[in-house]
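Participant: Below: one structure in structure tokens.
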Amino acid sequence: MNARTRPLAVFAEDVPPRNTVSNYPAPFAARMEGREKRPLGDVFGLRHFGVNLTRLAPGAISSLRHAHSRQDEFVYILSGCLTLVTNEGASLLEPGMCAGFPAGISNPHHLVNRSDEEVMYLEVGDRSPNDVVTYPDDDIRAFSGQAAKLMFSRKNGEPY
């Protein structure tokens, strides 16, 4: 799609969801069941940051608990209630609330839908190259090269 064929505006829920549930390797990808991401930023050809409309079914998680060395992240809750899990513990996020996660701050986080209702939120992250992602609860780490695409390995460096 070139700049001439990109839309100027869309209904977010009309953007098709990603084809894969996760880019995590097995067995971690299966833990993302119940998560659906609609890559809104890609529709407009955004290169410096990504925007996703994300839906979490009851019991689903946003990601493995993680922290980025170079990527800032931001979430804004549209509907439903989510639990934000960090080193400080659990905090309830309600519609209209937002949370931000600066790069380089070692406070791993993820969102968990502990409710009986579907949750919708916007997530925004930059696409910084050479990002290292740490996962304190799992034997996985990630690195992005110049193309900002994540490559996964075990914590000891063995590839998945």
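The values are calculated or read from the model by the stated rules, or taken from the named source; none is laboratory data. Source: prediction; values computed, not measured. Backbone-built Cβ (ideal geometry, glycine too); neighbour counts: all protein chains shown.
Participant: What pairs come out if I take residues in region 146-158 that are closer than 15 Å to Ala29 by Cβ and touching a residue at least 60 places away in the same chain (Cβ under 8 Å) and pair them with residues that are of a type in the set (A, V, I, L, M, F, W, C) and not in a loop (DSSP other than H, G, I, E, B) whose C-beta lies under 6 Å away, six or more apart or interchain?
Facilitator: Cβ pairs passing all conditions: Leu150/Ala142; Phe152/Ala142.
Participant: I'm trying to understand the selection: among the residues of region 144-160, which are assigned to a strand (DSSP E or B) and modelled with pLDDT of 95 or more?
Facilitator: Of everything in region 144-160, those that are assigned to a strand (DSSP E or B) and modelled with pLDDT of 95 or more turn out to be Phe152, Ser153.
Participant: What is the residue count in region 23-38 for residues that are in contact (Cβ under 8 Å) with a residue 12 or more places away in the chain and either more than 13 Å from the chain's Cα centre (by Cα) or in a strand (DSSP E or B) (or both)?
Facilitator: 10
Participant: Among the residues of region 5-22, write down those that are surrounded by 10 or more Cβ atoms within 10 Å (Cβ to Cβ), over 20 Å from the mean Cα position of the chain (by Cα) and modelled with pLDDT under 95.
Facilitator: Across region 5-22, the qualifying residues are Arg6, Pro7.
Participant: Something else about it: Looking at (1) closer than 30 Å to Glu158 by Cα; (2) surrounded by 18 or more Cβ atoms within 10 Å (Cβ to Cβ); (3) of a type in the set (A, V, I, L, M), can you tell me which one Leu53 breaks?
Facilitator: (1)
Participant: Starting from region 4-15, take each residue that is within 19 Å of Met120 (Cβ to Cβ) and list its partners that are among the charged types (D, E, K, R) and surrounded by 10 or more Cβ atoms within 10 Å (Cβ to Cβ), counting only C-beta distances under 7 angstrom and pairs at least six apart or across chains.
Facilitator: Listed by first residue and then by second, the contacts come to Ala12/Arg38; Val15/Arg38.
Participant: Sticking with this structure for a sec: For region 39-48, does any single residue satisfy the condition of being part of a strand (DSSP E or B), at pLDDT 95 or above and buried (at least 20 other Cβ atoms within 10 Å of the Cβ)?
Facilitator: Checking region 39-48: not a single residue is part of a strand (DSSP E or B), at pLDDT 95 or above and buried (at least 20 other Cβ atoms within 10 Å of the Cβ).
Participant: Which of the residues spanning region 72-113 are in contact (Cβ under 8 Å) with a residue 40 or more places away in the chain and over 19 Å from Asp137 (Cα atoms)?
Facilitator: Across region 72-113, the qualifying residues are Asp72, Glu73, Phe74, Val75, Tyr76, Ile77, Leu78, Ser79, Gly80.
Participant: Continuing with this model, one more query. Answer yes if at least one residue in region 96-108 is in a loop (DSSP other than H, G, I, E, B) and touching a Gly at 6+ places or on another chain (Cβ under 8 Å), and no otherwise.
Facilitator: No: zero hits.
Participant: Additional query: Among the residues of region 1-42, write down those that are hydrophobic (A, V, I, L, M, F, W, C) and touching a Lys or Arg at 6+ places or on another chain (Cβ under 7 Å).
Facilitator: Ala12, Val15, Val21
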